[in-house]
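Notes follow once the structure below has been shown.
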Amino acid sequence: MTPKIRALTQTGSAVIVAASLLMAGQAFAADSALTKNQEEGRAIAFTKSEGNCLACHKIADGTQPGNVGPMLIAMKIRFPNKQDLFDVIWDPRKKFGRGVIMTPFGDHKVLTKEQIEKVVDYLYTL
């Protein structure tokens, strides 16, 4: 096989794999309905007067996301213990130090414990 044909074959395979993953993701998204708590958590995360996570983070289906904080993806992998994610939202200074720019949503009473629990439930779907 010539180098040019090998490159085209590898590129074609990558395109097929990417398309398959995209199609699988669409099927998953269509099949996965959010629970009531997850929907409420999503609303809190996307609402400017509440959590406003989109001000700093990129989130699937979010419009006009910020780029100050990390993308909110693979949250179950990044935070296998749900309590750790809750704690970061409650007061990120405990994990990242006093210089962190993320708002301590619970400690500063921006969100209630119940609201943060709902946001965590939603983030665990990402």
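Each reported figure results from applying straightforward, stated rules to the coordinates on display, with no laboratory input. All values derive from a computational prediction rather than experimental measurement. Cβ atoms come from the backbone with ideal geometry, glycine included; neighbour counts cover every protein chain shown.
Annotation for Gln83 and Ser49: the two label points, set 7 Å from Cα along the Cα-Cβ direction, are 3.5 nm apart. Using the Karplus relation 6.51 cos²θ - 1.76 cosθ + 1.60 with θ = phi - 60°, the per-residue 3J(HN,Hα) values for the stretch 100-113 come to 5, 8, 5, 5, x, 4, x, 4, 8, 6, 6, 10, 7, 4 Hz, with x marking Gly and Pro. Rounded to the nearest 0.05, the FRET efficiency derived from the C-beta distance between Phe96 and Asp61 at R0 = 25 Å is 0.40.
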